[in-house]
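Participant: Below: one structure in structure tokens.
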Amino acid sequence: MIHSAALRRAAVLAAVALLSGCAAIRPPAGTAAASLPTDATTAVQQHAGGAASPAATASWWAQFGDPLLPGLVQEALQASPQVTSAQATLRQARALRDLAAAGLVPNVGTSASAGRNRARNVSSNQFQAGFDAGWEPDLFGRTRAGVAAAEEDAAASALSLADVQVSLAAEVAVDLITLRGLQARLAIAQANLASQQETSQIAQWRLQAGLATSLEAEQARAAAEQTQAQIPSLQLAIAQYASALAVLTGRPPAEAQAEQLTPLAAIPKAPDALAQSLPTDTLRQRPDVRAAEARVRAALARVTQADAARYPSFNLSGSLGLSALTVGGLTGPGAVVSSLLASLSLPLFDGGAINAQVRAQDAAAQQTAATLQSVALNALKEVEDALVELRSSRERQATLMRAAEAASNAALLATQQYGGGLVDFQTVLQTQRTQLALQDSLASAQADAAVAHVRLYKALGGGWQPDATSTATATP
């Protein structure tokens, strides 16, 4: 039975070669490899132009050009309930790690007692004081395996905290970019409303002069009112995203800092130089992948811990103290008492409990290996999706920019020619509607491109430094 358990552990170890050094993730036998595919690596390199250290993207939000974004991200990382909860989980894991490590050293205690005995009308006193010590030598590695599992759990908790921070920073950036995009759309709607109101006034003048019909005047007024109706919904969306940002930074929605977020600002844009510094080693950079890897190591350590229960356990205990009938007698040479006890225990028959525990831990290790495989594949999917989204949004933005410029020129010419009676009013209305629609779409495309950048940085694990997390994990 010991040999079969060892073979099972060896199979899991061979199937899940952990991400250390230049090694790639190898999932359980029978599943697809979880290492970074060549085509994914090539796609990232074509976009990024080369790899950089994780520190290069640790604070990517500072380079988006919005002065509020870095401050909002820092506030969220410090005050968000999500971060507070993850930090508490990390502290718990570290405490459990220290608890497991305490089993490797002897425990020493002290005691003192005083009593009075009475037998056959004869009374006597008894005073005792001393030290007790106990130690279970970890000859077969059971306790060390438990400590290793606890250390990996603590590492996974630290990496989960980093993953929360990465996701939170991206969420703050996406919300602010979306808010800026809504503000740009609101400004466009207001500018087009002013233009349409001027056109409506021209139509009224032409109606009074007998040069236009009531139909044209009403159509002009309807177009202006239609644009006016878009403004409240945009203002509502802006307020909602401001409230969302307040919640992300640990504030009540009422404290949305409208005085800071309301003023119009440009849509944040990631510089091209930042895109060139993206790391290509996705699986090594993402904290959720590393956390899943640590959980696999913890599960394997628990298999070893469960298997070690098959072997004998030793226990050494002893005491050194003083015992006397009087307090003064405790200082005498005859008061010293000592004892030393060594015990050995070996499981002979337990109804298959140890074997069942080993099988359970083997299954748990296989589950964590499958989870690691899933997380790794999802990481690659997110990178590929983000790259496609970024490329598509850039192409769409470039096309809409040219179309919006042409629509603005057409609307201006149509308005001028309508005032001179050279074109009919339908031409004016059509060019104004096209101008508003294309300008609105362009603002949305600009925000989408910035959001695509954020999602790519998040997919690549930008927003944390692995070395800093590893150092923090090693400290209590």
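The values are calculated or read from the model by the stated rules, or taken from the named source; none is laboratory data. Source: prediction; values computed, not measured. No Cβ is skipped: glycine too gets one built from the backbone with ideal geometry, and neighbour counts run over all protein chains shown. What goes into the accessible areas is simple: the full protein's heavy atoms, side chains included, and nothing from ligands, DNA or RNA. Shrake-Rupley method; radii C 1.70, N 1.55, O 1.52, S 1.80 Å.
Participant: Anything in the stretch 238-250 that is open to solvent by less than 70 Å² (accessible area, probe 1.4 Å), in contact (Cβ under 8 Å) with a residue 40 or more places away in the chain and in a helix (DSSP H, G or I)? List them, or say none.
Facilitator: Selection gives I238, A242, A244, L245, L248.
Participant: Being over 30 Å from I177 (Cα atoms) and of a type in the set (V, I, T) is the filter; apply it to the stretch 198-237 and report the residue that is least open to solvent (accessible area, probe 1.4 Å).
Facilitator: My answer is T199.
Participant: Has the stretch 160-169 got at least one residue that is open to solvent by less than 10 Å² (accessible area, probe 1.4 Å) and in contact with a Leu (Cβ under 9 Å, 6 or more places away or on another chain)?
Facilitator: So far as the stretch 160-169 goes, yes, one or more of its residues are open to solvent by less than 10 Å² (accessible area, probe 1.4 Å) and in contact with a Leu (Cβ under 9 Å, 6 or more places away or on another chain).
Participant: Residue under question is L245, and the condition is that it be touching an Asp or Glu at 6+ places or on another chain (Cβ under 6 Å) and within 27 Å of A445 (Cβ to Cβ); does it hold?
Facilitator: It is true that L245 is touching an Asp or Glu at 6+ places or on another chain (Cβ under 6 Å) and within 27 Å of A445 (Cβ to Cβ).
Participant: Can you spot a residue in the stretch 447-460 that is crowded, with 20+ Cβ neighbours inside 10 Å, touching a Ser or Thr at 6+ places or on another chain (Cβ under 9 Å) and at pLDDT below 85?
Facilitator: yes
Participant: Still on this structure: Could you tell me which residue of the stretch 79-98 is surrounded by the most Cβ atoms within 10 Å (Cβ to Cβ), considering only residues that are touching a helix residue (DSSP H, G or I) at 6+ places or on another chain (Cβ under 7 Å) and free of Cβ contacts under 8 Å to residues at least 60 places away in the same chain?
Facilitator: Keep residues of the stretch 79-98 that are touching a helix residue (DSSP H, G or I) at 6+ places or on another chain (Cβ under 7 Å), which gives 80, 82-83, 86-87, 89-90, 93-94, 96-97.
Okay, now just the ones that are also free of Cβ contacts under 8 Å to residues at least 60 places away in the same chain, so 96-97.
On the way: L96: 17, R97: 23.
Across the stretch 79-98, the extreme among qualifying residues is R97.
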